[in-house]
1. Just from its helices, what would the mean residue ellipticity at 222 nm be for the chain, if runs of 4 or more DSSP H residues each count -39500 (n - 2.57) and the sum is divided by every residue, rounded to the nearest 500 deg cm²/dmol?
2. Take every Cα-Cα pair in region 1-50 and report what % of them are more than 16 Å apart.
3. Rounded to the nearest 10 degrees, what's the angle between the helix 2-16 long axis and the longest principal axis of the chain, both from Cα atoms, 0 to 90?
4. With +1 on each Lys and Arg Cβ and -1 on each Asp and Glu Cβ, how big is the dipole of region 1-50 about its Cα centre, in debye rounded to the nearest 20?
5. For the chain, what is the accessible area per residue in Å², given a 1.4 Å probe and the full set of protein chains?
6. Could you state the angle between the C-alpha long axis of helix 33-50 and the longest principal axis of the C-alpha atoms of the chain, as a value from 0 to 90 degrees rounded to the nearest 10?
7. How large a share of the accessible area of region 1-50, in percent, is made up of carbon and sulfur atoms when the probe is 1.4 Å and the other protein chains stay in place?
8. If you look for lysine pairs in the chain that are eight or more places apart or on different chains, how many of them have Cα atoms under 18 Å apart?
Amino acid sequence: MARRKFALMKNLLNYMGVEKDRVNFTWVSASEGARFADLITDLTGKVKEMGPNKGLFRKVE
């Protein structure tokens, strides 16, 4: 059920202009704190490399 909801949410975000690499879905249990920290660090690095999302907002001149 959660995977289907995430797939729908990802499609909605894509429609809104959010790139697919800005959102990640991974199962992590409460006992996997180090794994969670690594996943967040990797995702944060990827998003910083991508820069600001240009699809979500229009530039006002």
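The values are calculated or read from the model by the stated rules, or taken from the named source; none is laboratory data. Since this is a predicted model, take the numbers as computed values, not measurements. With ideal geometry, Cβ positions are generated from the backbone for all residues, glycine too; neighbour counts draw on all protein chains shown. When the accessible area is computed, the model is the full protein with side chains, heavy atoms only, and any ligands, DNA or RNA have been set aside. Shrake-Rupley method; radii C 1.70, N 1.55, O 1.52, S 1.80 Å.
1. -18000 deg cm²/dmol
2. Summing the P(r) of region 1-50 above 16 Å gives 51 percent of all pairs.
3. With both axes taken from Cα atoms, the answer is about 20 degrees.
4. With Lys and Arg at +1 and Asp and Glu at -1, about 300 debye.
5. Solvent-accessible surface per residue comes out at 92 Å².
6. Value to nearest ten degrees: 20.
7. After summing per-atom areas, the C and S share lands at 59 percent.
8. Qualifying lysine pairs in the chain: 8.
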